[in-house]
Amino acid sequence: MLGITEQFRDKWVLLQISGEIDMATGPELRQRIVQYVQEGHLHIILDLAKVDFIDSTGLGVLIGGLKRTRSHGGDLQCIGLSESLKEMFKLTGLDAVLTEKDV
């Protein structure tokens, strides 16, 4: 199960995510990101501090969200990475593009 709460901070939408981002829950997060971009919210921060697990589908959702926001002149960034998520981001090269932002 995926939990998503939102906060609006200046031009950024902060999504606090809890649970797992995987095959079952990834589409829900993807749809939320698409919805925000369609509504003109092009700067999105994903707080992953309470995410237990991300599989390849979840990583694809993050990459897709980054491409979608940037293609519209925005950005997507991740904060609150656990040590295991930091390692996964480093191994996949995502640490170079989904850098943590000070909120």
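Each value in this text was obtained by applying a stated rule to the coordinates, not by laboratory testing. Model, not experiment: these values are computed from the prediction. Cβ sites come from the backbone with ideal geometry, for glycine too, and all protein chains shown count toward neighbours.
What to note about this one:
- Scope segment 1-56; condition under 19 Å from F89 (Cβ atoms), polar (S, T, N, Q) and surrounded by fewer than 17 Cβ atoms within 10 Å (Cβ to Cβ); matching residues: S18, S56
- Where strands (runs of 3 or more DSSP E) fall entirely within segment 1-65, those with at least 2 residues that are under 10 Å from the mean Cα position of the chain (by Cα), under 19 Å from L81 (Cβ atoms) and among the hydrophobic types (A, V, I, L, M, F, W, C) are at 12-21, 43-54.
- In this structure, L66 does not satisfy being among the aliphatic types (A, V, I, L, M), more than 23 Å from K90 (Cα to Cα), in contact with a strand residue (DSSP E or B) (Cβ under 9 Å, 6 or more places away or on another chain) and crowded, with 18+ Cβ neighbours inside 10 Å.
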